[in-house]
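Shown next, in structure tokens, is the structure this report addresses.
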Amino acid sequence: MLLTPRQAEIVALAKEQGRVLVDELATRFSVTPQTIRKDLNDLCDGRALTRIHGGAIFPSGNENVKYEARRSIAASEKQAIGRAAAALIPDNSSLFINIGTTTEAVGEALTDHRELMVITNNINVANRLRVFPSIEVVIAGGVVRGSDGGIVGEAAVDFIRQFKVDFAVIGVSAIDGDGALLDFDFREVKVAQAIMANARHVILVSDSSKFERTAPVRIGHLSQVHTFITDRCPLDAIRTICVENGVNLIETAP
């Protein structure tokens with residue numbers, strides 16, 4: 001599609017930041033929100049962007065959004081999800097935390113817990129929690145992915161399989177309407193599957209933008225988790241899957 005200069009800049013911003021919001025764009029370009037909504041609708045119709053509530057995201061296709069951009073997407077929603085997940089995890093527990101910006105928000109919310117054993121393949125989580133004497137951090141070995149500090153590969157899978165923990169906190173790149181949990185890197189998926197198989201209670205944390213995305217590699221199915229925490233669940237089919245499979249759905253948005 002042929003873009004106006006403003007639309008081209010909007011696409012560039014979305015690519016850089018991962019997400020653009022109507023109100024912020026209206027202020028940036030000194031136009032009305034209605035004008036921005038029309039721009040976003042045109043861009044989404046042309047598949048340059050994907051619409052979300054209040055704005056749009058750069059479409060992922062089979063390519064993951066850069067780590068720093070992912071951190072900025074739904075940041076406040078991720079913080080609320082992190083607090084809700086941390087509230088389910090008591091002191092004196094053992095848990096896995098896997099790769100992802102939402103799982104990192106859970107790690108941030110765990111810093112006031114005591115006597116935790118945290119096993120992770122996420123360097124960012126390990127580095128954040130290592131300074132707290134009441135939290136023992138165990139980090140997996142394997143290939144360190146330069147883009148986000150995730151540790152992946154068969155060595156990480158073998159390491160995870162040594163443990164049987166109380167909780168697993170997992171994130172995903174996309175959730176399909178049929179309940180499939182999806183990601184981009186098959187090496188990361190293998191680790192996530194091992195984490196799910198070796199925890200007594202699996203907590204899936206994911207903001208609602210993941211319903212707007214797709215990814216090519218299947219981790220598993222929503223029915224395999226015990227608790228699903230999101231800011232909001234826009235799909236009735238997902239709610240039905242939770243009810244039919246006894247999955248505790250927690251929505252953090254007021």
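The values are calculated or read from the model by the stated rules, or taken from the named source; none is laboratory data. As the structure is a prediction and not an experimental result, all values here were calculated from the model. In this analysis, Cβ positions are derived from the backbone assuming ideal geometry, glycine residues included, and neighbour counts consider all displayed protein chains. Remember, those area values only see protein heavy atoms, side chains included, never the ligands or the DNA or RNA. Shrake-Rupley method; radii C 1.70, N 1.55, O 1.52, S 1.80 Å.
Inside region 91-131, can you point out the residues that are open to solvent by 50 Å² or more (accessible area, probe 1.4 Å) and not polar (S, T, N, Q)?
Listed by number, the residues that qualify are D91, E108, D112, R114, E115, M117, I123, R128, R130, V131.
Just wondering, is there one or more residues in region 131-141 that are touching a residue at least 24 places away in the same chain (Cβ under 8 Å) and not aliphatic (A, V, I, L, M)?
no
Can you give me the number of residues within region 27-62 that are touching an Asp or Glu at 6+ places or on another chain (Cβ under 8 Å) and of a type in the set (V, I, T)?
Going through region 27-62 one residue at a time, the tally reaches 3.
Restricting attention to region 94-108, does a residue exist that is more than 18 Å from the chain's Cα centre (by Cα), farther than 30 Å from A56 by Cα and either without any contact (Cβ under 8 Å) to a residue 12 or more places away in the chain or in a loop (DSSP other than H, G, I, E, B) (or both)?
Within region 94-108, none of the residues are more than 18 Å from the chain's Cα centre (by Cα), farther than 30 Å from A56 by Cα and either without any contact (Cβ under 8 Å) to a residue 12 or more places away in the chain or in a loop (DSSP other than H, G, I, E, B) (or both).
Could you check, for region 234-253, whether at least one of its residues is in contact (Cβ under 8 Å) with a residue 24 or more places away in the chain, closer than 26 Å to S94 by Cβ and not β-branched (V, I, T)?
No, region 234-253 has no match at all.
Can you name every residue in region 207-251 that is among the hydroxyl-bearing types (S, T, Y), open to solvent by less than 40 Å² (accessible area, probe 1.4 Å) and at pLDDT 95 or above?
T227, T230
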